[in-house]
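The values are calculated or read from the model by the stated rules, or taken from the named source; none is laboratory data. Fair warning: this is a prediction, and the values are worked out from it, not measured in the lab. All Cβ positions, even for glycine, are placed from backbone atoms using ideal geometry, and neighbour counts span all protein chains on display. Only protein heavy atoms, including side chains, enter the accessible area calculation; ligands, DNA and RNA are left aside. Shrake-Rupley method; radii C 1.70, N 1.55, O 1.52, S 1.80 Å.
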Amino acid sequence: MIRRRSVPDGLPFRVYERRGKLRYSIGYKLRSGRWAFRYDCAIDDLAEIRRLRRQAIEDSSKVIEDRPTGGFTGLVDAWFEWQDSLPETDLRKRADSTIAENRREAENLKRAWGHFEVHELTRTMGYAYLDACVDSRPEKANKEIALARLILEYGIRKGLIETNPFDQLTKNKTERTRRYVTHDELDIVVATGRVLGGPYLIIALALRTAWLCVRRSVEVRRITRDAIQDAGIVWTDSKNPDKPSVLIEWSPELRETIREVLAIKRNKISGTFLLFGNMQGQAYTKSGWGKLLGTLMASAELLGNALEIEFQAFSLQDCRPKGVSDKLGRGDSDTQDATLHTDGKMIARVYDRRQSKTAKPAG
């Protein structure tokens, strides 16, 4: 808490000095109680004391009140605090699922540069980070560098740096996976889920629903039972809830899938809010979902081998591209509406996994 000075000392507002037995210090204290800057020297170095006092007075005029402190780690934390404070209607606010992923990515950035001041980061350090991950996790490193660049832009807004050292870095070359889940693979997983029952059947039916409704994984895991309507299932865009929703109309297979998941017996104390919640009616954690999915896929692979059907494990994220590819291959005209994308570029670049295409002749 800032109080009125007991003795006028000629210093600007919020600039405070201390003369100890061994050290002299002077700095600017923000409204939050943190120091925007603080300089110190030996108490008997009178020339240095005069210099630091002049510097503190000069620097106090440049302070941005909510400027992040604590080096790169402080900037990262301030960026997340800023994101959390933005209203839902603000176009700068990222989706909750994106922020959750960003927090995991930011931990790696802190481990690499958390001990540096923001102005100490260089382009060379960015390339060193990319090079260190080129063999093990090149695509993930690209995303983390992109996040670091975005956070550093926030640092520019707050006056910590003048230019962004990570602008226009050449990213690692990666091979984009073009995984297409076959009908046989999906059928084997659903059949395995029925044998294992309980949570494994919940996950298997979630995979099939993601395919039928061309949904993102987070949208399937969070869908609630009140989204089920007489005409179909109403879905919203997880990345932009303000977008218009889409009604995926009933087909015999979708209706049977939802009927089957509703019939799964949950624990007596569980709620019934989430359609694909766990046995206690709660949302699956990422680790909990991953563990169950791994067991389900391992068992499905054994069944595939027994039936002499080629099988490769897949995830919930692979089902949306399958759904888009199947709709495009069938010639559906509502694929873009189903995905809630505003244009077809993302559909063509990311989700179209068709192995072959057909076209009519020109004449």
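Multiplying the sequence separation of THR342 and ARG18 by 0.36 nm and subtracting their Cα-Cα distance, what value in nm do you get?
110.7 nm
Can you tell me which aspartates and glutamates have their Cα less than 17 Å from the Cα of LYS239? Leave out same-chain residues fewer than eight positions away.
List returned: ASP84, GLU88, ASP90, ASP96, GLU101, GLU219, ASP337, ASP343.
So which of LYS140/LYS322; LYS286/LYS327; LYS143/LYS322; LYS173/LYS243 end up more than 27 Å apart by C-alpha?
LYS286/LYS327; LYS173/LYS243
What accessible area per residue, rounded to a whole number of Å², is obtained for the chain using a probe radius of 1.4 Å?
58 Å²
Would you list which lysines come within 16 Å of LYS62, measuring only between C-alpha atoms, while excluding same-chain residues fewer than 8 positions from it?
Correct list for LYS62: LYS29, LYS158.
Using protein chains only and a probe of 1.4 angstrom, how many square angstrom of CYS41 are accessible, to the nearest 10?
Around 10 Å² of this residue is reachable by solvent.
Using only the Cα atoms of the chain, construct the convex hull and provide its projected area averaged over every direction, in square nanometres to one decimal.
Quarter of the Cα hull surface area: 27.8 nm².
Sticking with the crude label model, points 7 Å out along Cα→Cβ, report the distance from ALA146 to ALA132 in nm, one decimal please.
Roughly 2.1 nm, to one decimal.
Looking at the P(r) of region 87-158, how many percent of alpha-carbon pairs lie beyond 19 Å?
In whole percent, the long-distance tail amounts to 38.
Could you size up the charge dipole of the chain around its Cα centre, putting +1 on the beta carbon of Lys and Arg and -1 on that of Asp and Glu, and report it in debye to the nearest 20?
For this selection, approximately 1180 debye.
If you build a Gaussian network model of the chain, linking Cα atoms that sit under 10 Å apart, which residue out of ARG216, ARG23, ARG34 swings the most?
ARG23
On a 0 to 90 degree scale, rounded to 10, what angle separates helix 286-306 from the longest Cα axis of the chain?
Helix 286-306 sits at roughly 30 degrees to that axis.
How much accessible surface area, in Å² rounded to 10, belongs to the heavy atoms of ASP96 with a 1.4 Å probe?
Near enough 100 Å² of accessible area.
What shape does region 242-363 take by its C-alpha gyration tensor, where a ≥ b ≥ c are the square roots of the eigenvalues and a/c under 1.5 counts as rounded, a/b above b/c as prolate, and the rest as oblate?
Note, shape of region 242-363 comes out oblate.
Please work out the FRET efficiency for the pair ARG38 and THR89, using the Cβ-Cβ distance as r and a Förster radius of 51 Å; give the result to the nearest 0.05.
Result of the calculation: an efficiency of 0.85.
If one takes the longest principal axis of the Cα atoms in the chain, at what angle in degrees, from 0 to 90 and to the nearest 10, does the Cα axis of helix 183-196 lie?
90 degrees
Which is farthest toward the positive dipole end of region 141-230 among CYS213, HIS183, LEU150, measuring Cα position about the Cα centre, with Cβ charges +1 (Lys, Arg) and -1 (Asp, Glu)?
Result: LEU150, furthest along the dipole toward the positive end.
Could you give the nm distance between label points at ARG51 and SER356, where each point is 7 Å from its Cα heading toward the beta carbon?
Output for this residue pair reads 7.8 nm.
Counting helices only, and only those DSSP H runs with n ≥ 4, report the 222 nm mean residue ellipticity of the chain as the sum of -39,500 (n - 2.57) divided by its residues, in deg cm²/dmol to the nearest 500.
-14500 deg cm²/dmol
Looking at region 267-363, which trypsin sites (Lys or Arg not before Pro) are in a loop (DSSP not H, G, I, E or B) and have at most 11 other Cβ atoms within 10 Å?
When the trypsin sites (Lys or Arg not before Pro) of region 267-363 are filtered for loop state and at most 11 Cβ neighbours within 10 Å, LYS268, LYS357 remain.
Counting other Cβ atoms within 10 Å, keep those with at most 15, restrict to DSSP loop, and tell me which trypsin sites (Lys or Arg not before Pro) in region 52-82 are left.
LYS62
Taking every pair of alpha-carbon atoms in region 174-224, what share in percent sits in each 5 Å bin, from 0 to the bin with the longest distance?
5, 19, 24, 23, 18, 7, 3, 1
On the accessible surface of the chain, probed at 1.4 Å, how many percent belong to carbon and sulfur atoms?
51 percent
Explain nothing, just the number: dipole magnitude of region 144-231 about its Cα centre with +1 on each Lys and Arg Cβ and -1 on each Asp and Glu Cβ, in debye rounded to the nearest 20.
Charge dipole, region 144-231, about its Cα centre: 80 debye, nearest 20.
In vacuo Debye scattering of region 68-121, one point per C-alpha: log10 I(q)/I(0) at q = 0.18, 0.21, 0.25, 0.26 Å⁻¹?
-0.62, -0.79, -0.97, -1.00
Grab the Cα-Cα distance for GLU162 and THR182, subtract it from 0.36 nm times how many residues apart they are, and report the gain in nm with one decimal.
So the extension gain works out to 2.1 nm.
With every protein chain kept in the model, how would you rank PHE116, PHE311 by accessible area, 1.4 Å probe, largest at the top?
PHE116, PHE311
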